[in-house]
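See below for the structure under consideration.
Any read-out appearing in this document is the output of simple, stated calculations on the displayed coordinates, not a laboratory observation. Model, not experiment: these values are computed from the prediction. FYI the Cβ positions are ideal-geometry reconstructions off the backbone, even for glycines, and counts take in every protein chain you see.
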Amino acid sequence: MYGTDRLPESDQVRVCLTMIGTPDFGVFLHYSKWDGRTKQPRDCYSKGDMSRIREWLRTLQDDLRPIGLFIPYAQAWLAVKEFMERDGELPTSIEWVDGKDLPPNTFRFPGFFKPGPEPRVLRDEDINDRPPDDPDVFKAWRR
C-alpha cells in the first residue's frame, strides 16, 4: 500500500481482512494493519451486539471468538466489498471497535475450557483462567 511494496517488509504498509462466518451469529471481521512508515500496528474488529462481548463462539477450528463482534452477513458483505474497492482502506460502511478499546480477556485461549462437555457458546464461567495441567491439550490444539 501507499507505494511501500518495494521496501523491506518491516517498512511496508500491509493490511489483512480476516472473516469468520457462522450461520447462527453472522460474520466476524478483523482488520489488521501494519504501517511500516510509523512502525504502528492497528487492529479493528466489526462491532456487533456489544452486550454479548463476554460470550464466545467456539469455531470449527477451536478458536474462541467474541459473539459481540459478529455482524449480519449483509453488513459484512458491504464492508468486504468496500475493502476491495478502496484498496485495503478500513471500510466505513460498518462500525468498528479498536482492539485497544476491548475489555481485558476479550480473546480467550481455546485450551482453557473447563472439563466436561464443551458447548458451542461459552461464557466466562465456562473458561478457566489458566491452561490445564495436561500438556497434551496444547499439542491437540496446535494440530
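Numerical summary
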| read-out | value |
| --- | --- |
| Local net charge near residue 68, Cβ-Cβ under 11 Å (Lys/Arg +1, Asp/Glu -1) | +2 |
| Computed label-point distance, nm, for sites residue 95 and residue 63 using a 7 Å Cα→Cβ extension | 2.3 |
| Net charge of Cβ neighbours under 13 Å - reference residue 79; Lys, Arg +1; Asp, Glu -1 | -1 |
| Cα gyration tensor category, rounded, prolate or oblate, for the stretch 1-76 with a/c compared to 1.5 | prolate |
| Packing-based exposure ordering (other Cβ within 10 Å, fewest first) of 96, 56, 77 | 77, 96, 56 |
| Residue exposure sequence - 32, 51 - by fewest surrounding Cβ within 10 Å | 51, 32 |
| Sequence of 106, 38 once ranked by neighbouring C-beta atoms within 10 Å, starting from the fewest | 38, 106 |
| Between the stretch 60-74 and the stretch 78-104, the Cα center-to-center distance that results, in Å | 15 |
